[in-house]
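For reference, the structure discussed in these notes is given below.
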Amino acid sequence: MINLIINGLEVSVPEGTTLLQAASKIGVKIPTLCHVPNKDPKGACRVCLVEVKNARSLVASCAMPASEGMRVFTATKRVRDARKTVVELLLSEHNGDCKTCDRNDDCELQELARNLGIDEVRFEGERAKYQYDDSTAALIRDNGKCIKCRRCVTVCNEIQNVGALFPQGRGYDSVIGPAFAMNLDTVACVQCGQCAAVCPVGAITENSHIDKVWKVIDNPEKIVLVQTAPAIRAALGECFDYEPGTLVTGKMVSALKQIGFDKVFDTNFAADLTIMEEGSELLMRLKNAIVEKKEAHLPQFSSCSPGWINFLEYFYPEMIDNLSTCKSPQQMFGAVAKSYYAKKNNIDPKDIVVVSVMPCTAKKFEAQRPEMNSSGYTDVDYVLTTRELGKMIKQAGISFRDLPDSEMDSPLGRSSGAADIFANTGGVMEAAIRTVYELVTGRELPADNLHLQPLMGLEGIKTASLKIEGTVPAWSFLEGVELKVAVSHGLGNTSKLLQRIKDGEEYHFVEVMTCAGGCIGGGGQPRFTTDEIRKKRMSAIYREDEGKTLRKSHENPDILEIYAEFFEHPLSHNSHNLLHTHYNKKSPV
Amino acid sequence: MNELHCLECQIEPTEEELYSQLDDILLEYINKPGALIPVLQIAQRIFGYLPEKALKKISLTLKKSYSEVAGVVSFYSFFSTQPRGKFMVRVCLGTACYVRGGKEVLNSLKKELGIDVGMTTDDKMFSIDVGRCFGACGLAPVIMVNDDVHQRVKPEKINELLSVYKAGLNNTIKEAV
Ligand code: SF4
Ligand code: SF4
Ligand code: FES
């Protein structure tokens, strides 16, 4: 351990700890711009400067390791003046109107300026060129506001391994963006929105559907159904200053009703439906491989995460047949709402508008894929991120913290705990195994509290295997089979896992989630998501699951009913038509 | 390498032949770390500039994102994504040349050729670029036409200087880089 003194407070830290980390350990906040947690420090922006006794110049705390006996000062006049200069220079080039900016309430540049007491900008710089890029369904880029901190470049290249964003050009004329500073749709961007989730300012944000949603709510001819993804309930509270990891399911439902949605339903219902379809698809593939000795394209890849779908289509088109053909829960919900639900309630599907609330920006892209309309109507009309819902609740003047709890509407509102855990990395796999194991053996999954411990947590790639024994006659061909599964989250980790599979590692089922931590760390979640916050949201999700008596998808009575009344059985003709899809091979350039 | 690409007899290689040269190069560099910049340099030599198709091919083969490839290309002024003329005219705008009229030389050149920096004349004869110091500060302002260095260039004499190249009369004609 290394002992040092920061602002007069003693602190001991392990070797290799940076001054920034050491300070945060004792509650001393140092501002940062270019730094992305868990990634190599870039040392580029210089707002994290601190003074170290006997050092000639100020040092960048994000890059400087702590050493024995160091005396560090984080708020001296020299430090404040240096930071002030940096921020004033940024402001002098900044080309944006704070009054109307999407980030007005949580802009890190504004916060920095405020905290440093900047009340005038002494420099007059040439304003950055304004490039408004709304070429993609998911994101808006506004280069005029970009402060070139490069956080987006770090996440897009180092965490997601996509590389859609990179510094272009040199010096003053450089911009942070896609190849040759063109629009984002000219490069292979998977629309995960991780760039938007880390941008400190309003330079990358989601393509907002708020106004469109208000418009349909105000239209008396439309029946507006809203579905909320599992990850929303564990994060929305953060928009209203709740501790991360606070579950606000009941208040969220009340708020949606007050906003004026006609019915508040749950994407969780469709997650249960997904398990029925995707689990059956896995069993069918296993049967093809083991009994029929046919090419079965194993491992089966999960298909809930649209950024991952894009990633595979662009970068691993040769593995496209491994993707489950199941639509994601968001899309299944829409297809069911405009067919089954419409029929059951005698509503003309053309009058139904489906709005989803997602932790994700790629869901906006997924919703507008041309093939997502098998009921004859677009499955999902509008997609709001968690952040957008937070804004709408504020726009409606709702005092969120004072809301009572309400229940979701029926029949597309009931769900099992297995559906809740779709929000966490490892959750889809666990939910699928809870059902598949029981289908095949007639016995409950023999796991502590139904959790598959090796698949939980933030490890980038997780694997597990499970021996199937005591099968019921219909599945006797699986007797003694060792079911092998793998889970990855974050596309960089996913690339590594895919390489391992190409090199010969064998799995039957692989779950991939685009974003670190899974949906709870999605590109549409409240900013700023750190590992600590990921863990809190994840344990909230597990609490939600454990708090239910209904914890397995195949036991959800409304799921049994929809099969009895409408789909007959998983992988039926009707379900193929409405709940399954196909993918397209694409080239990354 | 392609035998048809012969300087002596001046037979222009076809596009297909140029791309097959690029393929050879890529094969050689495919698993080498730090391959991007050398490959871009060689590609520019092959094509005379960096066509979009070649950049995309490089990006795919070296598994570098297109945005990264573009970022590197646009960082170094040495690289050009525009076809280059037979003669690349580089005007030095380093401090010495700048104070001794480099800017005026550049303006006169632009006027004379009717193009801007980074562009090529319609007859594909001349391109203009700017540089920072060619190491001949004592004799500023300096311009380079391909490998020929011209010193103490006078803006009003640009026309005369270019005419030698237009007529093909200079004795040091070399392929543009
Ligand atoms: S959305 Fe994802 S892939 Fe696209 S630029 Fe942003 S981080 Fe990169
Ligand atoms: S877009 Fe945002 S995250 Fe990216 S460099 Fe600009 S300010 Fe930083
Ligand atoms: S955060 Fe340390 S230099 Fe940018």
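The values are calculated or read from the model by the stated rules, or taken from the named source; none is laboratory data. All figures in this text were calculated on a predicted structure; none of them were measured in a lab. Because the Cβ atoms are built from the backbone with ideal geometry, glycine has one as well, and the counts that use them run over all protein chains shown. Quick note on the areas: whole protein, heavy atoms, side chains included, nothing else; ligands and nucleic acids left out. Shrake-Rupley method; radii C 1.70, N 1.55, O 1.52, S 1.80 Å.
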Item to check | Only one of A:L491, A:L455 that is without any contact (Cβ under 8 Å) to a residue 60 or more places away in the chain and open to solvent by less than 10 Å² (accessible area, probe 1.4 Å) | outcome: A:L455
Item to check | Residue check for A:K39: away from ligand 1 (no atom under 16 Å from the Cβ) and of a type in the set (K, R) | outcome: no
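Yes/no matrix, rows are residues, columns are (1) out of contact with any Pro (no Cβ under 7 Å at 6 or more places or on another chain); (2) outside the structural domain of A:F301 (by TED's automatic domain parsing); (3) within 16 Å of ligand 2 (Cβ to nearest atom):
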site	(1), (2), (3)
A:A197	yes, yes, yes
A:D218	yes, yes, no
A:L225	yes, yes, no
A:C239	no, yes, no
A:V248	yes, yes, no
A:I259	yes, yes, no
Checklist outcome for this item: Exactly one of A:L298, A:L323, A:L283 is closer than 19 Å to A:I501 by Cβ and either out of contact with any helix residue (DSSP H, G or I) (no Cβ under 9 Å at 6 or more places or on another chain) or open to solvent by less than 10 Å² (accessible area, probe 1.4 Å) (or both), and that one is A:L323
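A quick yes/no check of all residues on (1) assigned by TED's automatic domain parsing to the domain that holds A:V216; (2) among the small types (G, A, S); (3) farther than 30 Å from A:A486 by Cβ; (4) free of Cβ contacts under 8 Å to residues at least 60 places away in the same chain:
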| residue | (1), (2), (3), (4) |
| --- | --- |
| A:Y314 | no, no, no, no |
| A:A335 | yes, yes, no, no |
| A:K338 | yes, no, yes, yes |
| A:V353 | yes, no, yes, no |
| A:S356 | yes, yes, no, no |
| A:K363 | yes, no, no, no |
| A:M372 | yes, no, no, no |
| A:G376 | yes, yes, yes, yes |
| A:D379 | yes, no, no, yes |
Next on the checklist: Conditions first: (1) more than 9 Å from chain A (Cβ to nearest Cβ); (2) assigned to a helix (DSSP H, G or I); (3) buried (at least 18 other Cβ atoms within 10 Å of the Cβ). B:K53 passes all but one, so which condition is the exception?
Outcome noted: (3)
Item to check | Given (1) among the hydrophobic types (A, V, I, L, M, F, W, C); (2) away from chain B (no Cβ under 14 Å); (3) within 30 Å of A:A179 (Cα to Cα); (4) out of contact with any strand residue (DSSP E or B) (no Cβ under 9 Å at 6 or more places or on another chain), number of the condition A:I533 does not satisfy | outcome: (3)
Checklist entry - Looking at A:K99, is it more than 16 Å from ligand 2 (Cβ to nearest atom), closer than 28 Å to A:D142 by Cβ and open to solvent by 60 Å² or more (accessible area, probe 1.4 Å)? => result yes
Next on the checklist: Within region A:194-207, does at least one residue satisfy the condition of being surrounded by 18 or more Cβ atoms within 10 Å (Cβ to Cβ) and either away from ligand 1 (no atom under 16 Å from the Cβ) or acidic (D, E) (or both)?
Outcome noted: yes
Next on the checklist: Let me spell it out: the conditions are (1) within 14 Å of chain B (Cβ to nearest Cβ); (2) open to solvent by 30 Å² or more (accessible area, probe 1.4 Å), and A:K215 meets all of them except one. Which number is the exception?
Outcome noted: (1)
Item to check | Selection count where residues are more than 14 Å from every other protein chain (Cβ to nearest Cβ), open to solvent by 40 Å² or more (accessible area, probe 1.4 Å) and within 16 Å of ligand 3 (Cβ to nearest atom), scope region A:108-149 | outcome: 3
Item to check | Leading residue by the ranking (nearest to the other protein chains (Cβ to nearest Cβ)) among those in region A:574-585 that are closer than 19 Å to A:N322 by Cβ and open to solvent by less than 60 Å² (accessible area, probe 1.4 Å) | outcome: A:Y583
Next on the checklist: Being over 24 Å from the mean Cα position of the chain (by Cα) and either away from every other protein chain (no Cβ under 14 Å) or modelled with pLDDT of 95 or more (or both) is the filter here; which residues of region A:155-170 pass it?
Outcome noted: A:P167, A:Q168
Next on the checklist: Residues that are out of contact with any Ser or Thr (no Cβ under 8 Å at 6 or more places or on another chain) and farther than 20 Å from A:A255 by Cβ: does region A:392-410 have at least one?
Outcome noted: no
Checklist outcome for this item: For region A:127-153, pairs from a residue that is at positive phi to a residue that is within 16 Å of ligand 3 (Cβ to nearest atom) and among the small types (G, A, S), with Cβ under 9 Å and 6 or more apart or across chains, are A:K148/A:A44; A:R150/A:A44
Next on the checklist: Quick check on region A:179-196: of everything there that is farther than 17 Å from A:K364 by Cβ and of a type in the set (A, V, I, L, M), which residue is nearest to ligand 3 (Cβ to nearest atom)?
Outcome noted: A:A181
Next on the checklist: Given (1) within 16 Å of ligand 3 (Cβ to nearest atom); (2) assigned to a helix (DSSP H, G or I), identify the lone condition not met by A:I176.
Outcome noted: (2)
Checklist entry - In this structure, does B:S59 turn out to be open to solvent by less than 70 Å² (accessible area, probe 1.4 Å), outside any helix (DSSP H, G or I), small (G, A, S) and within 14 Å of chain A (Cβ to nearest Cβ)? => result no
Checklist entry - Does A:C152 satisfy the criteria of being more than 14 Å from chain B (Cβ to nearest Cβ) and either open to solvent by less than 70 Å² (accessible area, probe 1.4 Å) or away from ligand 1 (no atom under 16 Å from the Cβ) (or both)? => result no
Item to check | Failed condition for A:G260, given (1) surrounded by fewer than 17 Cβ atoms within 10 Å (Cβ to Cβ); (2) farther than 28 Å from A:V355 by Cβ | outcome: (2)
Item to check | Among (1) touching a helix residue (DSSP H, G or I) at 6+ places or on another chain (Cβ under 6 Å); (2) within 16 Å of ligand 3 (Cβ to nearest atom), the one test that A:I159 misses | outcome: (2)
Checklist outcome for this item: Subset of region A:150-161, residues outside any helix (DSSP H, G or I) and out of contact with any Pro (no Cβ under 9 Å at 6 or more places or on another chain), comes to A:Q160, A:N161
Checklist entry - Residues A:L412, A:L445: which one is in a loop (DSSP other than H, G, I, E, B) and surrounded by 23 or more Cβ atoms within 10 Å (Cβ to Cβ)? => result A:L412
Item to check | Residues of region A:175-188 that turn out to be open to solvent by 20 Å² or more (accessible area, probe 1.4 Å) and more than 9 Å from chain B (Cβ to nearest Cβ), as a count | outcome: 3
Checklist entry - Which condition breaks for B:K63 when tested against (1) over 16 Å from the mean Cα position of the chain (by Cα); (2) at negative phi? => result (2)
Next on the checklist: Can you find a residue that is crowded, with 24+ Cβ neighbours inside 10 Å and within 18 Å of A:S302 (Cα to Cα) anywhere in region A:382-393?
Outcome noted: no
Checklist entry - Of the conditions (1) closer than 26 Å to A:T435 by Cα; (2) in contact (Cβ under 8 Å) with a residue 40 or more places away in the chain, A:T530 fails just one. Which one is it? => result (1)
Next on the checklist: Please determine whether any residue of region A:390-413 is of a type in the set (S, T, N, Q) and within 23 Å of the chain's Cα centre (by Cα).
Outcome noted: no
